[in-house]
Structure formats: C-alpha cells, structure tokens
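Here's the structure, in structure tokens; my notes come after.
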C-alpha cells in the first residue's frame, strides 16, 4: 500500500519562485549572468511496501494535468534552453550536415503485391512520406514481371497512384505518427491509422483506392496493427487502460463498427496479443506472449493449400480460433506456415529443448507436444535462432553466433526441407535480413544489408540461381567514401570473467598501429560510449548519416553490447535481467575502464549515451561510476523503475515483471531493485558529470515523470550539479515527429555530447 502524508499540500517555496510558480515562467539569472536552475517544490509522499517507508519528495510531478507540474517542466525547458544557447551554431552546423548528406527527394524500391508495385516517396521540404503504386505486368516472363519498375524520384509516371500522403494527414498537427498502412489483398482498400499526440493510440480509417473516398468505417483508440483477410474483413487490436494490446477484433467493411466482434481477449495482464496472416494467406494467427511465455492460435481461412488463391471462405473467417499449443510457463514458440511435399506444415521455433531455441516441423494442426516435432535445426548452445521467413518453395532463417547475425536458406523444391545454406557477406560486422516480401510465390526474396560503414543496400536474391540483384544502395551525398571509416570489434573482460563484445566506429586516420586489433589506442580520443542491455535486444551494425558528424570531428563511437541484450544468445539476456540486472551496469563500466586503460579515451573525453531501458543504464552508471565520464546523455530514461514497477495500474507495468522482477509481491526483488534504481540511489556521495535528460510529456512507455523526478532530486541533493531536463510537450516515446524536426533534435543532442567530449569550439563547428 501507499499513502500521502499530510505534508503533501504544504507550500514549500522554491529557490527560484518565478521559474516554478504557475503564474510565473521567467528565468532568473545570477549576478554573474548565469541562469539559475529551477527548484521543484517539495511535497512529501510516503510509499510503503514490505515494511519499508520511503519518502518521495517529487512524486507529485506524476500529475500531468497539474498547472504546477506543467509550470515546472516549462521552467526546466527554459533553463535548458538558456544553458545550451551557446550550442546553437554547432547544432545548426550538424543539422545542415545531415540535411546536405541526405537524398531528400528519394524513392524506396518498389515491392510487388498482387497486380501492383508499391513504393514510398520522400520529397525535399516535406517532413513525411508519400505512399504510391503503379500497375504491375503479368506476362509470364519472370525477369520482366518481377523486375521493379524504373521510376524517377524527381517526377511521377502518368500511371502513378498516390494512395496516402502523410504530409496532408499531418497538416495542422504538432505531432504525427502513422500506425497501420495496409492494402487489402485485391488492392481495393487501404486501412491506415494515425496518432497526433504521441500516446500510441491510433484512429483507423479505410480508403477506397478505386475512388479515393473514405468509407464511413471509423475505428478509434486502437493499437498499431491492422490485418486484412481477403478484401472484406479487417482484424485489429485494442488496448486496455494500461496500453496493453489485449483484444483482437473483427470488422466487416461497410458495416457499423458497433457490430465488430471481439474474437480473442487476454485477461492475464502479463500477456499481450497481436494478429496477422501468413504470407500464404491461408491462416490467420493470433499470437499471445509475455516476456517468457507464448501461445499461438490459428484460423484456417479456406485458401487453397498451395497458397495460390487469395480468396477466403466467409464461413471460415467467422469461425472459431484453435490453439496450436497451450501455453506453458517459460516456453516460447513461434509458428509459420509452409507447404512441403504438397502438405500444409507448421514451422515452429521454440525453446523447449534449450535456451537458444530449436526449429522443428509438424502437420498444420493443433499440437500435443513440442517433443513430437521433426527437428529442422537442433538446439546448439551459443547459436541463437532468432526467426524464420517462409515462402512457397524456400525458407530464410536468421540466427546469431558470437555476437554476429547470420542468414541461411532452406529449399523445399524436392518436397523436403533440405539443408541449411548460409548466405555469406564480405564484412565481419553487418546486419542482413529479409524485408519487403509480400508475395508467397515470388521467384526472388527481397533482402536488405548494411554495416557501420556501408550504407543500406537492397537486393533481390534469385532463388533459382543464387544471384544477388542489387536494386538500390542508399545515397550519401557529398562524396562519401566508406574507406574513410572503419569498424572494429573489441572484447572486454568483465569483472566476473565474461567477455563483453564492443563495436567501435571511427575514421581510418585514427586507426592505431601498435594495438593488435588496430584500435585507436594512441588517445585519448573524444569518445561516445552507447549502451542498452535489455529485452534481449541486439544493437546490430547500422549505417547512420547523422553519426558521420561525430566521426568527422574525430569522435570514436563505441557500442558496449552488455548483458541484458541478445548479442551473445539467450544466456546473455538472462544474465542481465531480474536479479542479475546489475551485470548490465557492471559490463558498461568495465568497458569504459577498458577503453581508458587501452588509451582509447579518458574520463575527460568520454560521454555515455543511452535511451529508454538504456536510460536506466545511464542513471545507474551516473550513481556508480559518474567519474568515468565527461557527460551522460539519457534519452527518455527509465530512471525510477522501482516506483513504476510497483504500480500495476501504470502502462505496461505487469508485462514488465518478467523482465525486471515483481517487487510488489517479492521482497527479494524489491530489495534488489531498490539497491540499483537510479532515482532511489541519488546521493551526495556520488560524483555526477554534466547530465542531459530528454523526455516527452505524452510518452506512455517511460513516463516523463521519471526523468523529471530524477533531475529534481539530483539538483536538490547536489545543488552545484550540472543537470538539464528537456521535455517535448507534444510528443511520445520516439520524441518529435517529422524528419526535419528529428534532425534538429539529433543535432542538439550531438552538439551537447561533442562539447562534453572536449572538442574545442572552433574544431566543433
């Protein structure tokens, strides 16, 4: 239980009344001309759990509608603007660098679906994309029918149809996000959903692409997705009061939405739901999952077994779901549909026989046990199988070994699964995967490739020959030469002996001569050390135009692949969650110390960066090892985890218990989280470097109140601490919307880190 002290309503005048008083708002300055930071009122709240009474002076900031809360956030914004005003020239330089390197008017590679080629346009001066299509030919000539049309990015062909212009939808909105954008199987209807606040609740509309008119069908307040079954039925997810997708609904086009039918509801608050069709269009899947357990239900839509038919049986669409295999705590499985030897098969990825997953196969029917599957890829410790993508005659499998992701191909051509054929690439550190594949029987598989130094590449893999047909490589304007940059892998031995992979990206002219790994060990160099370490998420190689603005200023960009992530398999994740969460923090600190010991950098030139769950990492590191860094940037940081995870009524809290533990019902978990939670462990004994915290008022994943409380407490505990809070007043977890505003935000964040890394003003600009 919790209760509020009588002192909650007491008035505590701040040091800077004008900056916190609802009727105020003007920033105060010291006699030296320096802006005076705002001070949050103290309204003590006592939180009682497991016999512990904790007084929280700033919990009142959780009231987002309070004039006092809003006044405080605006005061912090005013202070941050004043404190960072000197960064404006550098921010402007970086923004124009990003803009000058970006091909603003561009075109995605067209994707064939049915009788159309679909693609997206970006236009210079426009913040959002435009979705388009042109008719496809069906001559029977594979090369002709499946070669994407050559379309000029600067001008539209006469037969181009604009199906959705997000710039039009975003007019007049301070924030805009597109959720669903899905075309019906016959190409006649577009279902799309929009969010104009950042709270990730979407309003869905249906557009008749033959007439351009919107139907009367309007479904408000739903989750992200929308799935067509045939051209008459639309399935979507609703969310509960805690933003958990908990229901799947069926809508028939042209009927009142109050006649929609809920086909699945999940009452257990640990589980979310989602739905989608197989690429064959034969089955609808409803997927149910927690962080550690899953369950899949299916509906046979009545399409032909070979997947050629796009029609469905109306009676089957409205039929009853069947469970493939009832959930069992700790067992996760995922399912796809294949046709092998003329029969429908389930391809099942599961962890019943090992933490790093196994791939099996069975007839397409409810299962009694995962033990009865025919093994396709057996479990192997250290080889984490991550997913599969099934087509009419082939299957692509993604897996991970030694912190590197890999792809392999299976052929069903002879009526069997065949053998795994690796798809190899030249670079050591890269990311590759399937994407943009709509058609079940395509003779090509669309794939994407990129690395830290290679801009994104899209190619079609010819299933008959193995040839890779390059369709597009991302353009970097201004004469980008990948040989000017290098990416290396370093390994840090953590304090418990674990080997932590570290990726480093830097200019080739920084490449060391003495170090055997050719690392830039002749420093100290200005360095940004990034970390995440949660949810089994892997920080895989990706190309970034914006990051060039850091590298070209001599910065080494390092990524610590700490435990809690998935880079080294499921055990890497398991050893960085719940009661092992501190390994995430220790790994990051040990990597920082390793970079210092190798003379890559030092504590006057290294800046730590992390966001969301990585923001928790930043908060913990600030308390535990702030002296290692010249600055810490925490983006939408999860810095008050104990308070949040103790409140099951908050968005997504109960779902998170499998990740962090359940402190509400488990004293051991409570004590453990209390020992590392950044907000609870702010202390005058800690050394805090300059900190920049960034958040959004409408964030439903990590509430703004967490960094607001954190900054307030640090400043109250150590008045001389250099901490800044910036709150986007109309935005969500991803920050501002629109590419130009996002570039400006990135430029601001980079400018702050560049200065903190010790790069001189003249060199920075």
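Points to keep in mind about this one:
- Cα shape, segment 409-523, gyration tensor, a/c 1.5 rule: oblate
- Across segment 667-765, C-alpha contacts under 8 Å between residues 6 or more apart give a mean separation that, scaled by the residue count, equals a relative contact order of 26 percent.
- Computed [θ] at 222 nm, deg cm²/dmol, the chain (DSSP H ≥ 4; -39,500 (n - 2.57); rounded to nearest 500): -5500 deg cm²/dmol
- If you sort the three axes of the alpha carbon gyration tensor as a ≥ b ≥ c, you get a/c of 1.5 or more for segment 575-636 and a/b no higher than b/c, which makes it oblate.
- Segment 166-241 versus segment 269-298: alpha-carbon centroid distance in Å: 21 Å
- Residue 647/residue 28 FRET efficiency (R0 30 Å; Cβ-Cβ; nearest 0.05): 0.30
- Sequence of 258, 334, 484 once ranked by neighbouring C-beta atoms within 10 Å, starting from the fewest: 258, 484, 334
- The mean sequence distance of close C-alpha pairs (under 8 Å, at least 6 residues apart), as a share of the length of segment 104-162, puts its relative contact order at 32 percent.
- Residues 379, 350 arranged by fewest to most Cβ contacts within 10 Å: 379, 350
- Per-residue Cβ neighbour rank within 10 angstrom, fewest leading, 262, 275, 323: 262, 323, 275
- Each peptide in 77-83, 155-161, 570-576 receives the mean, over its residues, of other Cβ atoms within 10 Å, and ordering these scores from highest gives 570-576, 77-83, 155-161.
- Computed from Cα positions, the angle between helix 667-676 and the longest principal axis of the chain comes to roughly 60 degrees.
- Between the helical axis of 582-597 and the longest alpha-carbon principal axis of the chain there is an angle of about 70 degrees.
- Nearest-ten-degree value, helix 739-756 long axis tilted from longest Cα axis of the chain: 40 degrees
- Amide N of segment 207-251 lying under 20 Å from the label point, which is placed 7 angstrom from the Cα of residue 323 along Cα→Cβ: 245-249
- Contact order relative to length of the chain, as percent, for alpha carbon pairs under 8 angstrom and 6 or more apart: 10 percent
- Relative to one another, the C-alpha centroids of segment 309-333 and segment 503-575 are positioned 42 Å apart.
- The Rg/Rh ratio for the chain, using Cα coordinates for both the radius of gyration and the Kirkwood hydrodynamic radius, is 0.96.
- Once both labels are positioned 7 Å from their Cα atoms along Cα-to-Cβ, the gap between residue 86 and residue 472 label points is 4.3 nm.
- Cα gyration tensor shape of segment 104-162, rounded if a/c is under 1.5, else prolate or oblate by comparing a/b with b/c: prolate
- Most to least packed among 250-257, 129-136 [average Cβ atoms within 10 Å]: 129-136, 250-257
- Applying 1/(1 + (r/R0)^6) with r as the Cβ-Cβ distance of residue 292 and residue 401 and R0 = 30 angstrom yields a FRET efficiency of 0.85.
- Maximal additional length on extending the residue 667-residue 684 stretch stands at 3.4 nm, based on 0.36 nm per residue less the C-alpha distance.
- Each residue, residue 464 and residue 603, gets one label point 7 Å from its Cα in the Cβ direction; the gap between the two is 6.5 nm.
- Distance from the alpha carbon centroid of segment 35-60 to that of segment 369-429 works out to 52 angstrom.
- Packing rank of 220-226, 744-750, 636-642, 662-668, where each peptide gets the mean count of other beta carbons within 10 Å, highest leading: 636-642, 744-750, 220-226, 662-668
- Calculated FRET value between residue 742 and residue 368, using beta carbons and R₀ = 51 Å, to 0.05: 0.55
- Counting DSSP beta bridges with both ends in the chain, the antiparallel % (nearest 5): 85 percent
A short reminder: the numbers here are calculations on the coordinates, not readings from a lab. Because the structure is a prediction, the values reported are computed rather than measured. Because the Cβ atoms are built from the backbone with ideal geometry, glycine has one as well, and the counts that use them run over all protein chains shown.
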